[in-house]
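Worksheet: the structure to be examined is printed underneath.
The values are calculated or read from the model by the stated rules, or taken from the named source; none is laboratory data. Here the structure is a predicted model, which means the values were calculated and not measured. Here Cβ is always computed from backbone atoms with ideal geometry, including for glycine, and neighbour counts include all displayed protein chains.
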Amino acid sequence: MTDGRWDEGRARREEMVSRQIAARGVRDERVLEAMRKVPREAFIREEDLELAFFDGPLSIGSGQTISQPYIVAYMTEILELRAEDRVLEIGTGSGYQTAVLAELVREVYSVECVDVLAERAKKRLLDMGYENIHFRMGDGTDGWPEAAPFDAIMVTAAPGRAPEPLIEQLADGGRMIIPIGIFEQYLYLFTRKGDEVERQALIGVRFVPMTGKLDRGDR
């Protein structure tokens, strides 16, 4: 869905995918092609443009970051997305992960709690031509109940424990990937099978903390 403004970066994205992502074991060709296509350089601060393809996270302001390219691809692949899926994303941030998801699925519902980031990402993604993304500013721990259930949920900030509303909003067979932890964080995959929800620990990570009522101690 991106236009020709970013064609000059295609070769560098090809190299990024080859060296940082495919070389580390990401094999889903749809995910790899989305990573080649979505211009990461469009989602970072102008002063960081020379680091656009850096193998690590970068600040986007407001205490938030754009994730390492490998982590974006890894989390996306783990969800085993299908073209017809409806996906909930918690933490729009820069909008980069949102765009990758939008290349792969029917609809993306993205929630961001920082107003300046939410507004900036929405404008950027609409300007880039994405028409299958729904935006909301608010507390991500609540999810998006009126649009549930979701085939997949991706959480890009770390709570101390998995928010129950998000688990409840998974469709049967749905999968949620989420970093959990305060001082030590791991990615977890939650899979709903009927009334049961399985949890699997994946890899150690470092994400910004989730800021919502769950982690403020509200009930």
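Some observations on this one:
- Some residue of region 105-112 being within 21 Å of GLY61 (Cβ to Cβ) and either over 15 Å from the mean Cα position of the chain (by Cα) or surrounded by fewer than 14 Cβ atoms within 10 Å (Cβ to Cβ) (or both): no
- Criterion (farther than 22 Å from LEU189 by Cα and buried (at least 22 other Cβ atoms within 10 Å of the Cβ)) met by exactly one of ALA102, ALA52, ALA121: ALA121
- Residue, farthest from PHE207 (Cα to Cα), within region 126-142, restricted to residues that are in contact with an Asp or Glu (Cβ under 8 Å, 6 or more places away or on another chain) and touching a residue at least 40 places away in the same chain (Cβ under 8 Å): GLY129
- Scan of region 152-174 for residues that are in a strand (DSSP E or B) and within 17 Å of GLN97 (Cα to Cα), ordered by number: ALA152, ILE153, MET154, VAL155, ALA158
- Hey, PHE183 under 20 Å from SER67 (Cα atoms), under 20 Å from the mean Cα position of the chain (by Cα), among the aromatic types (Phe, Trp, Tyr) and modelled with pLDDT under 95 or not: no
- Residue among GLN169, GLN200 that is over 15 Å from GLU89 (Cα atoms) and polar (S, T, N, Q): GLN200
- Where a residue in region 49-70 is within 16 Å of ILE178 (Cα to Cα) and its partner, wherever it lies, is among the charged types (D, E, K, R) and modelled with pLDDT of 95 or more, with Cβ under 7 Å and at least six apart: TYR70/ARG24
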